[in-house]
Amino acid sequence: MTRAQKGKVYEGVLDQLKSYIEYHHLKPGDKLPSERELSEQLNVGRSSIREALRAMELLGLIETRRGEGTFMRAYRPHHMVELLSNFLLNESRTREELFTAKQMLEKEVVMRLLEKLNDKDLDMIEKIIENKEKEKLHEEFFQFLFERSGQPLLLSMWQFIYGFTHTVHDIQYERSWYQKVAKVLKTGDQIKVLQLFYS
């Protein structure tokens, strides 16, 4: 079998596993069948199943517990980011471009949500600003905004880029900065959004 053919088989097994997980509505904490059972159910060789599971574990999608089995876990973009950052962030230009991309996505989500959040959303934002420790505030704040925006692709892009930039930049703002963002979300002042991100 050629490398290209092996690649197609491997991709096919990953697709089958993804479909299996979706069909059975597996969520974090749920146990996956054994390699033998998956091999029989998907009609795929055990070695291919093992290889696909290793890839999923590397990406942080599943975890293997010795003596217990394989379990679904919540997707952690930082896990994959940590594996790749040493290779991709050697160039200072790359680091700066990723930081700029992060800012652009954060600005975009704020712009999209101007005057569109309800009182419950705004109360939640205030709680995040008041209660989250400084190290987690930026991530929790923008995670909430991206989730409320209804743009899952933008959320995934931001999670990935934030993970990279977080490994090389100490991304921290004063709480007053987040309070200003919250105020702008209420008032809908686009000029102030630009001032917050690019001043």
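The values are calculated or read from the model by the stated rules, or taken from the named source; none is laboratory data. Remember, it's a predicted structure, so these values are computed and weren't measured experimentally. Neighbour counts run over all protein chains shown; Cβ positions are idealised from the backbone, glycine included. The protein model used for the area step is the full one, side chains on, heavy atoms only, and it has no ligands, DNA or RNA in it. Shrake-Rupley method; radii C 1.70, N 1.55, O 1.52, S 1.80 Å.
A quick yes/no check of all residues on (1) under 22 Å from the mean Cα position of the chain (by Cα); (2) open to solvent by 100 Å² or more (accessible area, probe 1.4 Å); (3) touching a residue at least 24 places away in the same chain (Cβ under 8 Å):
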residue	(1), (2), (3)
40	no, yes, no
54	yes, yes, no
57	yes, no, no
72	yes, no, yes
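Counting only helices (runs of 4 or more DSSP H) wholly contained in the range 1-86, the ones carrying 2 or more residues that are within 30 Å of residue 99 (Cα to Cα) and modelled with pLDDT of 70 or more occupy 46-58. When residue 187 is tested against the conditions (1) modelled with pLDDT under 90; (2) among the β-branched types (Val, Ile, Thr); (3) open to solvent by 70 Å² or more (accessible area, probe 1.4 Å), the lone failure is (1).
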